[in-house]
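Visitor: Submitted below is the structure of interest, expressed as structure tokens.
The values are calculated or read from the model by the stated rules, or taken from the named source; none is laboratory data. None of these values were measured; they are calculated from a predicted model. Here the Cβ is made from the backbone with ideal geometry for all residues, glycine too, and neighbour counts use every protein chain on show.
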4 protein chains.
Amino acid sequence: MSQCPSIVAICGSIREESYTRTALKYVLEAAADEGAETTLLDLREYDLPVFDPDVDDSEQGDAIEVKRLVREADAVALGTPVYHGSYSGALKNLHDYCGFDEYEDTTVGLLATAGGGSYGSTLDHLRITVRGVHGWVLPHQVGLRAASDQFEADPDAIDGRRFCDPDLQARVEQLGHSLVEYASIDPSVSSSRSATATD
Amino acid sequence: MSQCPSIVAICGSIREESYTRTALKYVLEAAADEGAETTLLDLREYDLPVFDPDVDDSEQGDAIEVKRLVREADAVALGTPVYHGSYSGALKNLHDYCGFDEYEDTTVGLLATAGGGSYGSTLDHLRITVRGVHGWVLPHQVGLRAASDQFEADPDAIDGRRFCDPDLQARVEQLGHSLVEYASIDPSVSSSRSATATD
Amino acid sequence: MSQCPSIVAICGSIREESYTRTALKYVLEAAADEGAETTLLDLREYDLPVFDPDVDDSEQGDAIEVKRLVREADAVALGTPVYHGSYSGALKNLHDYCGFDEYEDTTVGLLATAGGGSYGSTLDHLRITVRGVHGWVLPHQVGLRAASDQFEADPDAIDGRRFCDPDLQARVEQLGHSLVEYASIDPSVSSSRSATATD
Amino acid sequence: MSQCPSIVAICGSIREESYTRTALKYVLEAAADEGAETTLLDLREYDLPVFDPDVDDSEQGDAIEVKRLVREADAVALGTPVYHGSYSGALKNLHDYCGFDEYEDTTVGLLATAGGGSYGSTLDHLRITVRGVHGWVLPHQVGLRAASDQFEADPDAIDGRRFCDPDLQARVEQLGHSLVEYASIDPSVSSSRSATATD
């Protein structure tokens with residue numbers, strides 16, 4: 001692993017006041033505290049038409065730039081609002097552009113925010129689709145229930161929002177820490193086979 | 001149920017040569033043979049920006065028209081290509097616009113087409129997200145593996161493509177038949193409680 | 001549908017103080033109030049060895065009796081504790097004995113009780129495995145979080161346990177009502193094709 | 001990681017002629033070729049009553065021994081037949097006995113064998129339930145379709161069964177290789193934070 005891993009967080013909501021985006025900023029701050037270089041990939045800032053495999057990336061708005069950001073990351077945090085018990089179409093559309101080149105050997109952390117109570121299916125669907133392109137999904141994951149109740153106003157906090165529950169904040173920050181810690185799941189370091197190969 | 005149920009098929013691929021779209025046309029033809037009025041909702045023909053809950057539908061391209069089509073259907077066929085082991089972002093983006101008003105008490109049939117071999121996760125994710133808005137998902141569902149191998153050229157066939165395997169064609173057509181048969185899952189007809197209520 | 005549908009509830013926990021079992025009794029009571037004949041299938045009372053497809057049912061403890069109970073039900077309520085984010089092995093072992101003969105055209109309602117907070121994956125896994133044998137799973141489903149906090153002692157209540165939250169109780173009872181209401185999802189009543197066929 | 005990692009394979013079928021068991025033996029042989037110590041945990045050889053959280057492990061047949069085997073493994077291969085679109089009750093019953101003590105920081109590889117065509121949901125359900133106890137599930141996984149067609153008789157082969165398709169055999173063996181390679185996903189080796197902490 002590089003001494004200073006790069007972590008990209010992708011926010012699957014384009015709402016101005018998205019709680020997903022706020023939570024991801026907490027993830028990135030925790031990762032930065034561990035020495036990571038961090039980037040928020042905010043879908044409001046990119047032009048990503050609905051994915052069409054027939055069309056070359058160069059004619060698909062900012063597809064090339066977005067794919068480069070994901071591909072060059074050591075680890076990726078995927079955050080999504082819960083829409084109808086699954087991830088957002090916005091997040092999946094970005095994901096459809098990416099593939100093995102972007103995700104293989106990339107460590108991935110998952111976060112979902114629900115307006116109501118259930119985020120389990122959403123995190124499961126994300127886990128399965130990331131596995132489909134061979135990303136390494138961390139066991140630790142975070143769901144926020146009743147997201148608007150989880151924060152209170154604080155002008156000094158990220159996005160002016162402080163977590164009400166320090167345990168939940170710790171879970172969110174743990175995601176940032178784990179992304180750094182496992183940014184490189186690298187058999188050339190940790191396996192006996194590779195150990196021999198690098199002698 | 002109306003004597004002539006209306007069935008809408010939604011194609012989650014915008015490729016010109018989409019096998020998903022061809023298969024859905026077979027579904028609709030089978031439904032029409034049972035007396036249904038059928039409509040293909042082709043996402044290439046509608047302007048649906050990435051869903052943003054902050055924005056009113058009237059400012060979201062063709063959102064109002066698309067939602068009306070889904071809401072007025074007695075039954076809906078959802079077809080999607082398998083992208084990274086799940087449904088397409090295009091399909092989910094449409095789905096994000098819809099909700100209980102569109103799906104509650106609507107019968108839904110699922111179809112997925114895979115370039116390779118696996119469609120199971122995709123159908124599962126669709127089933128769960130449709131349940132999230134209380135659609136009635138038929139037990140019968142259809143997956144096409146190695147979709148390009150499932151058809152052979154035939155100028156007289158739908159989209160010029162004939163199914164190679166009559167059993168697979170029968171499974172596809174069964175989806176159309178079942179959508180008609182169960183277009184109205186209506187407790188006011190079949191339950192004792194409602195029977196009393198309508199006396 | 002018979003005028004008096006039969007509903008069987010299967011409890012996937014064998015704990016003496018199972019909250020799953022208590023909740024299922026509320027489901028059955030609600031179904032009985034709608035006129036159903038109800039049965040609790042309590043796995044503590046049956047001998048069901050680990051399923052082995054090589055062995056004939058007649059040599060598998062009470063397999064034949066358990067299968068008969070499921071097969072003859074008009075509707076089935078499946079209740080499970082959440083063990084490691086999925087249904088219990090006990091419930092799945094019973095389910096492995098059953099098949100299309102037991103489930104095809106049977107209406108199924110799902111309930112899961114979690115010691116902690118998450119029941120979403122559990123309900124999803126149940127929904128998918130029941131679909132695998134073509135059961136009709138109701139859109140309405142019930143999850144109980146932190147199950148031990150959901151009840152308070154009441155000697156007059158079922159199992160001496162009263163729901164703290166009337167909304168949750170209503171959701172549980174709704175499952176019983178819906179099982180009766182949709183006990184027979186019967187195309188021969190509600191579809192135009194069958195209507196013609198029975199003329 | 002130890003120089004000689006220990007790999008345990010758990011077979012979720014108790015059929016005499018289980019293809020799942022044969023495939024797991026191929027996984028273990030591939031792991032042994034990479035220097036692992038391997039053990040097949042064959043559920044036919046252990047007494048595991050249906051899991052009851054009320055009962056102490058010491059009174060639950062071989063529960064203590066089975067848990068010890070899983071807990072001491074550096075990596076675990078879970079293999080299951082597809083029963084009704086999900087894992088077997090037998091496998092889940094064993095899994096219900098285990099928990100964080102057995103799985104946290106354990107690398108897990110998944111394999112499913114289907115009599116028919118679909119194994120996707122089964123592998124997904126396994127992946128989610130292993131995540132529930134914080135196992136590290138490898139992105140690489142293996143499904144066998146129409147399992148009885150995948151082998152041909154060969155007296156010199158494992159269980160007298162040779163794979164017909166060398167690509168499928170390679171996928172199975174890759175699971176064994178990856179279990180060794182990633183047997184220790186160990187932040188104390190690979191992360192900057194831990195590197196500092198162990199100075």
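Visitor: If you go through region C:149-174 one residue at a time, how many are touching a residue at least 24 places away in the same chain (Cβ under 8 Å) and out of contact with any Leu (no Cβ under 6 Å at 6 or more places or on another chain)?
Guide: Here the count works out to 11.
Visitor: Another one. Of the residues that sit in region A:137-161 and are modelled with pLDDT under 95 and either in a strand (DSSP E or B) or of a type in the set (A, V, I, L, M) (or both), which one is surrounded by the fewest Cβ atoms within 10 Å (Cβ to Cβ)?
Guide: Here the residue is A:Ala146.
Visitor: Does region D:173-183 contain any residue that is within 30 Å of A:Glu34 (Cα to Cα), of a type in the set (Gly, Ala, Ser) and at pLDDT below 95?
Guide: Yes, region D:173-183 contains a residue that is within 30 Å of A:Glu34 (Cα to Cα), of a type in the set (Gly, Ala, Ser) and at pLDDT below 95.
Visitor: Would you tally the residues in region A:55-66 being polar (S, T, N, Q) and in a loop (DSSP other than H, G, I, E, B)?
Guide: The total comes to 1.
Visitor: Quick one: how many residues across region D:105-133 are part of a loop (DSSP other than H, G, I, E, B) and either under 12 Å from the mean Cα position of the chain (by Cα) or facing another protein chain (nearest Cβ under 8 Å) (or both)?
Guide: Number of matching residues: 6.
Visitor: Is it true that some residue in region D:13-30 is assigned to a loop (DSSP other than H, G, I, E, B) and among the basic types (Lys, Arg)?
Guide: Among the residues of region D:13-30, at least one is assigned to a loop (DSSP other than H, G, I, E, B) and among the basic types (Lys, Arg), which makes the answer yes.
Visitor: Looking at region B:53-86 only, could you name the residues that are buried (at least 19 other Cβ atoms within 10 Å of the Cβ) and without any contact (Cβ under 8 Å) to a residue 60 or more places away in the chain?
Guide: Scanning region B:53-86 gives B:Ala63, B:Val66, B:Val82, B:Tyr83, B:His84, B:Gly85, B:Ser86.
Visitor: OK, next. Only residues that are modelled with pLDDT of 95 or more, more than 17 Å from C:Tyr87 (Cα to Cα) and not hydrophobic (A, V, I, L, M, F, W, C): list them for region D:107-128, please.
Guide: If the condition is that a residue be modelled with pLDDT of 95 or more, more than 17 Å from C:Tyr87 (Cα to Cα) and not hydrophobic (A, V, I, L, M, F, W, C), then D:Thr107, D:Gly109, D:Thr113, D:Tyr119, D:Gly120 are the ones that fit.
Visitor: Residues of region D:67-104 being part of a loop (DSSP other than H, G, I, E, B), among the charged types (D, E, K, R), under 13 Å from the mean Cα position of the chain (by Cα) and within 13 Å of chain C (Cβ to nearest Cβ), which ones?
Guide: None - no residue of region D:67-104 is part of a loop (DSSP other than H, G, I, E, B), among the charged types (D, E, K, R), under 13 Å from the mean Cα position of the chain (by Cα) and within 13 Å of chain C (Cβ to nearest Cβ), so the list stays empty.
Visitor: So, in region D:1-17, of the ones that are of a type in the set (S, T, N, Q) and surrounded by fewer than 23 Cβ atoms within 10 Å (Cβ to Cβ), which residue ends up nearest to the other protein chains (Cβ to nearest Cβ)?
Guide: Looking at residues that are of a type in the set (S, T, N, Q) and surrounded by fewer than 23 Cβ atoms within 10 Å (Cβ to Cβ), I get D:Gln3.
Visitor: Failed condition for D:Arg44, given (1) surrounded by fewer than 21 Cβ atoms within 10 Å (Cβ to Cβ); (2) in contact with a Gly (Cβ under 7 Å, 6 or more places away or on another chain), with all others met?
Guide: Of (1) surrounded by fewer than 21 Cβ atoms within 10 Å (Cβ to Cβ); (2) in contact with a Gly (Cβ under 7 Å, 6 or more places away or on another chain), only one is false for D:Arg44: (2).
Visitor: Going by the conditions given, is B:Ile128 free of Cβ contacts under 8 Å to residues at least 12 places away in the same chain and β-branched (Val, Ile, Thr)?
Guide: yes
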